[in-house]
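The values are calculated or read from the model by the stated rules, or taken from the named source; none is laboratory data. Keep in mind it's a predicted model, so treat the numbers as computed, not measured. Counting neighbours? That spans all protein chains shown, and the Cβs are built from the backbone with ideal geometry, glycine included. In case anyone asks, the SASA skips ligands and DNA or RNA and just uses the protein heavy atoms, side chains included. Shrake-Rupley method; radii C 1.70, N 1.55, O 1.52, S 1.80 Å.
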Amino acid sequence: MTAPEFDLHLIDAFADGAFTGNPAAVVLLDAPPQDRWMQQLAMEMNQAETAFLIPRDDGYSLRWFTPRSEVDLCGHATLASAHYLWEQHHLDAAAPARFHTRSGVLTATRSPDESITLDFPAIESRPATPPADLESALGTIVREVVDGDFDLLCLLESAEDVRAVTPDLGAIARWKTRGVVITAAGDRAGIDFISRCFFPALGVPEDPVTGSAHCALVPYWNKRTGMTMLTGYQASARGGTVRCELRGDRVKLTGRAVTTLRGRISGPR
(Lines give C-alpha, C1' and ligand atoms only; values in the text may rest on other atoms or scores of the structure.)
Protein backbone atom coordinates (compact mmCIF):
# COMPACT_ATOMS: atom_id res chain seq x y z
CA MET A 1 0.00 0.00 0.00
CA THR A 2 1.39 3.39 -1.03
CA ALA A 3 1.68 5.90 1.79
CA PRO A 4 -0.16 9.20 1.28
CA GLU A 5 1.87 12.35 0.64
CA PHE A 6 1.41 15.76 2.24
CA ASP A 7 2.80 19.26 1.83
CA LEU A 8 5.85 20.04 3.94
CA HIS A 9 7.22 23.56 3.80
CA LEU A 10 10.13 25.15 5.64
CA ILE A 11 9.27 28.74 6.57
CA ASP A 12 11.35 31.41 8.31
CA ALA A 13 9.17 33.32 10.78
CA PHE A 14 9.76 36.73 12.37
CA ALA A 15 12.20 37.07 9.50
CA ASP A 16 13.54 40.11 7.68
CA GLY A 17 14.50 37.89 4.75
CA ALA A 18 15.38 34.32 3.86
CA PHE A 19 17.63 32.53 6.39
CA THR A 20 16.83 34.96 9.19
CA GLY A 21 14.27 34.68 11.97
CA ASN A 22 13.20 31.24 13.18
CA PRO A 23 12.61 28.35 10.76
CA ALA A 24 9.64 26.06 11.27
CA ALA A 25 8.52 23.04 9.30
CA VAL A 26 4.79 23.13 8.47
CA VAL A 27 2.84 20.01 7.48
CA LEU A 28 -0.80 20.02 6.31
CA LEU A 29 -2.54 16.69 7.00
CA ASP A 30 -6.03 15.42 6.22
CA ALA A 31 -6.59 13.49 9.47
CA PRO A 32 -4.90 13.18 12.86
CA PRO A 33 -1.90 10.80 12.74
CA GLN A 34 -0.38 9.00 15.70
CA ASP A 35 1.59 11.20 18.06
CA ARG A 36 4.60 8.93 17.58
CA TRP A 37 4.73 9.69 13.85
CA MET A 38 4.57 13.44 14.45
CA GLN A 39 7.37 13.22 17.00
CA GLN A 40 9.47 11.13 14.63
CA LEU A 41 8.98 13.64 11.83
CA ALA A 42 9.86 16.53 14.15
CA MET A 43 13.06 14.69 15.08
CA GLU A 44 13.80 14.12 11.39
CA MET A 45 13.25 17.79 10.53
CA ASN A 46 15.41 18.85 13.52
CA GLN A 47 13.92 22.34 13.62
CA ALA A 48 13.02 24.18 16.80
CA GLU A 49 9.38 23.38 15.94
CA THR A 50 7.46 21.33 13.42
CA ALA A 51 3.82 22.40 13.09
CA PHE A 52 1.03 19.99 12.13
CA LEU A 53 -2.18 21.41 10.65
CA ILE A 54 -5.46 19.50 10.27
CA PRO A 55 -8.55 21.21 8.76
CA ARG A 56 -11.74 21.43 10.79
CA ASP A 57 -15.05 23.20 10.23
CA ASP A 58 -14.10 26.43 12.00
CA GLY A 59 -10.37 26.61 11.28
CA TYR A 60 -7.45 24.25 11.83
CA SER A 61 -6.16 22.09 14.60
CA LEU A 62 -2.53 23.01 15.24
CA ARG A 63 0.08 21.09 17.23
CA TRP A 64 3.75 21.86 17.71
CA PHE A 65 6.64 19.44 18.28
CA THR A 66 10.30 20.09 19.06
CA PRO A 67 12.81 17.33 18.21
CA ARG A 68 12.09 15.89 21.68
CA SER A 69 8.54 16.71 22.75
CA GLU A 70 5.21 18.40 22.09
CA VAL A 71 4.84 21.93 23.49
CA ASP A 72 1.85 23.92 24.71
CA LEU A 73 2.50 27.21 22.90
CA CYS A 74 4.66 28.29 19.97
CA GLY A 75 4.59 31.66 18.26
CA HIS A 76 6.94 31.34 15.31
CA ALA A 77 5.47 28.05 14.08
CA THR A 78 1.97 29.55 14.33
CA LEU A 79 3.08 32.53 12.26
CA ALA A 80 4.68 30.13 9.76
CA SER A 81 1.48 28.05 9.62
CA ALA A 82 -0.66 31.11 8.89
CA HIS A 83 1.79 32.22 6.20
CA TYR A 84 1.57 28.76 4.60
CA LEU A 85 -2.24 28.79 4.53
CA TRP A 86 -2.38 32.17 2.81
CA GLU A 87 0.50 31.53 0.44
CA GLN A 88 -0.97 28.21 -0.72
CA HIS A 89 -4.49 29.72 -1.01
CA HIS A 90 -6.06 27.54 1.65
CA LEU A 91 -7.34 30.83 3.08
CA ASP A 92 -8.46 34.00 1.34
CA ALA A 93 -5.95 36.81 1.83
CA ALA A 94 -8.46 38.83 3.85
CA ALA A 95 -9.62 35.92 6.03
CA PRO A 96 -8.13 35.40 9.50
CA ALA A 97 -6.39 32.13 10.33
CA ARG A 98 -8.00 30.37 13.28
CA PHE A 99 -6.14 27.66 15.17
CA HIS A 100 -7.34 25.26 17.87
CA THR A 101 -4.37 24.48 20.12
CA ARG A 102 -3.38 23.27 23.58
CA SER A 103 -3.38 26.96 24.58
CA GLY A 104 -6.91 27.63 23.31
CA VAL A 105 -8.01 29.31 20.12
CA LEU A 106 -5.28 31.45 18.54
CA THR A 107 -5.79 33.72 15.55
CA ALA A 108 -3.61 35.40 12.95
CA THR A 109 -4.39 38.21 10.52
CA ARG A 110 -2.44 39.46 7.53
CA SER A 111 -1.90 43.12 6.63
CA PRO A 112 -1.73 44.45 3.06
CA ASP A 113 2.07 44.60 3.42
CA GLU A 114 1.95 40.83 4.19
CA SER A 115 3.09 41.21 7.79
CA ILE A 116 1.26 38.80 10.10
CA THR A 117 -0.16 39.58 13.55
CA LEU A 118 -0.75 36.83 16.10
CA ASP A 119 -3.29 37.16 18.91
CA PHE A 120 -1.84 35.25 21.87
CA PRO A 121 -2.42 35.04 25.64
CA ALA A 122 -0.38 37.40 27.79
CA ILE A 123 1.70 35.65 30.44
CA GLU A 124 2.07 37.41 33.78
CA SER A 125 5.29 36.51 35.56
CA ARG A 126 5.66 35.87 39.29
CA PRO A 127 8.58 36.24 41.73
CA ALA A 128 10.80 33.18 41.52
CA THR A 129 13.38 31.42 43.63
CA PRO A 130 16.21 30.93 41.14
CA PRO A 131 18.24 27.75 40.80
CA ALA A 132 21.32 27.86 43.00
CA ASP A 133 23.57 27.72 39.92
CA LEU A 134 21.67 30.36 37.89
CA GLU A 135 24.45 32.92 37.59
CA SER A 136 27.19 30.34 37.13
CA ALA A 137 25.15 28.63 34.37
CA LEU A 138 24.59 31.93 32.58
CA GLY A 139 28.05 33.27 33.35
CA THR A 140 26.73 36.71 34.24
CA ILE A 141 25.12 38.75 37.01
CA VAL A 142 21.30 38.58 37.06
CA ARG A 143 19.42 41.62 38.35
CA GLU A 144 15.99 39.98 38.68
CA VAL A 145 14.42 36.57 38.17
CA VAL A 146 10.72 35.92 37.59
CA ASP A 147 8.79 32.82 36.59
CA GLY A 148 6.29 32.73 33.74
CA ASP A 149 4.06 29.86 32.73
CA PHE A 150 6.90 28.15 30.86
CA ASP A 151 10.28 29.75 31.49
CA LEU A 152 12.47 31.60 33.95
CA LEU A 153 12.84 35.21 32.83
CA CYS A 154 16.12 36.85 33.86
CA LEU A 155 16.83 40.57 33.67
CA LEU A 156 20.47 41.41 32.91
CA GLU A 157 22.25 44.72 33.34
CA SER A 158 22.60 45.60 29.66
CA ALA A 159 21.91 44.52 26.09
CA GLU A 160 25.64 43.95 25.71
CA ASP A 161 25.50 41.45 28.58
CA VAL A 162 22.63 39.61 26.86
CA ARG A 163 24.62 39.29 23.64
CA ALA A 164 27.72 38.10 25.49
CA VAL A 165 26.14 35.18 27.40
CA THR A 166 27.55 31.73 26.64
CA PRO A 167 25.42 29.50 28.86
CA ASP A 168 26.08 26.11 30.38
CA LEU A 169 23.33 24.28 28.51
CA GLY A 170 23.76 21.08 30.51
CA ALA A 171 23.05 22.94 33.73
CA ILE A 172 19.99 24.69 32.26
CA ALA A 173 18.61 21.37 31.00
CA ARG A 174 18.51 20.10 34.59
CA TRP A 175 16.33 22.94 35.87
CA LYS A 176 12.62 22.26 36.43
CA THR A 177 11.47 24.65 33.70
CA ARG A 178 11.00 24.63 29.94
CA GLY A 179 13.97 26.96 29.60
CA VAL A 180 15.37 30.37 30.37
CA VAL A 181 14.85 33.78 28.78
CA ILE A 182 17.42 36.53 29.32
CA THR A 183 16.51 40.12 28.58
CA ALA A 184 17.62 43.74 28.94
CA ALA A 185 16.57 47.16 27.71
CA GLY A 186 17.36 47.82 24.07
CA ASP A 187 20.43 49.84 23.15
CA ARG A 188 19.62 50.58 19.52
CA ALA A 189 17.14 52.97 17.93
CA GLY A 190 13.67 51.48 17.60
CA ILE A 191 14.35 48.49 19.88
CA ASP A 192 12.76 48.65 23.35
CA PHE A 193 14.17 45.38 24.71
CA ILE A 194 16.31 42.50 23.55
CA SER A 195 16.25 38.86 24.58
CA ARG A 196 17.72 35.42 24.04
CA CYS A 197 16.09 32.05 24.80
CA PHE A 198 17.61 28.69 25.70
CA PHE A 199 15.61 25.42 25.77
CA PRO A 200 18.15 22.56 25.91
CA ALA A 201 15.73 20.17 27.65
CA LEU A 202 13.55 20.34 24.52
CA GLY A 203 16.45 19.72 22.15
CA VAL A 204 16.66 23.44 21.27
CA PRO A 205 19.96 24.84 22.61
CA GLU A 206 19.13 28.41 21.58
CA ASP A 207 15.86 29.31 19.90
CA PRO A 208 16.35 31.97 17.20
CA VAL A 209 13.09 33.94 17.75
CA THR A 210 10.51 32.84 20.32
CA GLY A 211 6.93 34.09 20.10
CA SER A 212 5.81 32.34 23.28
CA ALA A 213 8.60 34.02 25.26
CA HIS A 214 7.35 37.40 24.05
CA CYS A 215 3.98 36.56 25.62
CA ALA A 216 5.81 36.99 28.95
CA LEU A 217 8.33 39.62 27.84
CA VAL A 218 5.67 42.11 26.73
CA PRO A 219 3.80 42.29 30.09
CA TYR A 220 7.15 42.32 31.90
CA TRP A 221 8.48 45.30 29.94
CA ASN A 222 5.08 47.01 30.11
CA LYS A 223 5.43 47.04 33.89
CA ARG A 224 8.95 48.46 33.66
CA THR A 225 8.25 51.11 31.01
CA GLY A 226 4.49 51.75 31.02
CA MET A 227 4.50 51.19 27.25
CA THR A 228 1.85 49.05 25.55
CA MET A 229 3.51 49.21 22.12
CA LEU A 230 6.97 47.68 22.22
CA THR A 231 9.51 46.35 19.74
CA GLY A 232 11.66 43.42 20.77
CA TYR A 233 14.76 42.05 19.13
CA GLN A 234 15.88 38.48 19.81
CA ALA A 235 19.66 38.57 19.58
CA SER A 236 20.36 35.03 18.39
CA ALA A 237 22.79 34.30 15.58
CA ARG A 238 19.91 34.51 13.07
CA GLY A 239 18.14 37.35 14.87
CA GLY A 240 14.56 38.53 14.54
CA THR A 241 12.33 41.50 15.31
CA VAL A 242 8.92 41.18 16.99
CA ARG A 243 6.56 44.15 17.04
CA CYS A 244 4.41 43.82 20.15
CA GLU A 245 1.26 45.28 21.65
CA LEU A 246 -0.30 44.54 25.04
CA ARG A 247 -4.11 44.54 25.05
CA GLY A 248 -5.44 43.52 28.44
CA ASP A 249 -4.80 39.81 28.86
CA ARG A 250 -3.71 39.38 25.23
CA VAL A 251 -0.59 40.26 23.29
CA LYS A 252 -0.32 41.06 19.59
CA LEU A 253 2.90 39.81 18.00
CA THR A 254 3.70 40.98 14.47
CA GLY A 255 6.35 39.82 12.05
CA ARG A 256 6.99 38.55 8.56
CA ALA A 257 7.57 35.09 7.11
CA VAL A 258 9.49 33.74 4.12
CA THR A 259 9.15 30.27 2.59
CA THR A 260 12.56 28.75 1.86
CA LEU A 261 11.63 25.17 0.92
CA ARG A 262 8.55 23.49 -0.58
CA GLY A 263 8.20 19.73 -0.75
CA ARG A 264 6.17 16.60 -0.08
CA ILE A 265 6.46 14.15 2.79
CA SER A 266 5.27 10.54 2.94
CA GLY A 267 2.63 10.14 5.60
CA PRO A 268 2.23 7.30 8.07
CA ARG A 269 1.50 3.93 6.49
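The number of residues in segment 116-134 that are open to solvent by less than 10 Å² (accessible area, probe 1.4 Å) and not hydrophobic (A, V, I, L, M, F, W, C) comes to 0. The set of residues in segment 70-95 that are under 21 Å from PRO112 (Cβ atoms) and surrounded by fewer than 15 Cβ atoms within 10 Å (Cβ to Cβ) comprises GLN88, HIS89, ASP92, ALA93, ALA94, ALA95. May I ask you to say which residue of ARG110, ARG56, ARG126, ARG63 is touching an Asp or Glu at 6+ places or on another chain (Cβ under 7 Å) and farther than 30 Å from LEU156 by Cβ? Testing whether each residue is touching an Asp or Glu at 6+ places or on another chain (Cβ under 7 Å) and farther than 30 Å from LEU156 by Cβ leaves just ARG63.
For segment 41-69, filtering for residues that are assigned to a loop (DSSP other than H, G, I, E, B), touching a residue at least 60 places away in the same chain (Cβ under 8 Å) and either hydrophobic (A, V, I, L, M, F, W, C) or buried (at least 16 other Cβ atoms within 10 Å of the Cβ) (or both) leaves 3. Do we have THR225 as under 22 Å from ARG250 (Cβ atoms) and out of contact with any strand residue (DSSP E or B) (no Cβ under 8 Å at 6 or more places or on another chain) here? Considered against the rule, which asks whether it is under 22 Å from ARG250 (Cβ atoms) and out of contact with any strand residue (DSSP E or B) (no Cβ under 8 Å at 6 or more places or on another chain), THR225 comes out as yes. Cβ-Cβ distances below 7 Å connect the following pairs, each with a first residue in segment 109-120 that is without any contact (Cβ under 8 Å) to a residue 24 or more places away in the chain, a second residue that is surrounded by fewer than 16 Cβ atoms within 10 Å (Cβ to Cβ) and not polar (S, T, N, Q), and a separation of six or more residues or different chains: THR109/PRO96. Against the definition (open to solvent by less than 20 Å² (accessible area, probe 1.4 Å), small (Gly, Ala, Ser), assigned to a strand (DSSP E or B) and out of contact with any Pro (no Cβ under 7 Å at 6 or more places or on another chain)), how does ALA24 come out, yes or no? Spelling it out, ALA24 is indeed open to solvent by less than 20 Å² (accessible area, probe 1.4 Å), small (Gly, Ala, Ser), assigned to a strand (DSSP E or B) and out of contact with any Pro (no Cβ under 7 Å at 6 or more places or on another chain).
Residues in segment 212-231 that are closer than 18 Å to CYS74 by Cα and either open to solvent by 10 Å² or more (accessible area, probe 1.4 Å) or over 13 Å from the mean Cα position of the chain (by Cα) (or both): ALA216, VAL218, PRO219. When you look at PRO130, is it touching a Cys at 6+ places or on another chain (Cβ under 9 Å) and in contact (Cβ under 8 Å) with a residue 12 or more places away in the chain, yes or no? For PRO130, the condition - touching a Cys at 6+ places or on another chain (Cβ under 9 Å) and in contact (Cβ under 8 Å) with a residue 12 or more places away in the chain - is met.
Considering only segment 135-182, state which residues are in a strand (DSSP E or B), open to solvent by 10 Å² or more (accessible area, probe 1.4 Å) and not aliphatic (A, V, I, L, M).
Residues satisfying the conditions are GLU144, ASP147, ASP151.
Among the residues of this structure, THR101 does not count as one that is touching a residue at least 60 places away in the same chain (Cβ under 8 Å), open to solvent by less than 50 Å² (accessible area, probe 1.4 Å) and β-branched (Val, Ile, Thr). Residue count for segment 239-269 under the criterion of being basic (Lys, Arg), in a loop (DSSP other than H, G, I, E, B) and modelled with pLDDT of 95 or more: the result is 1.
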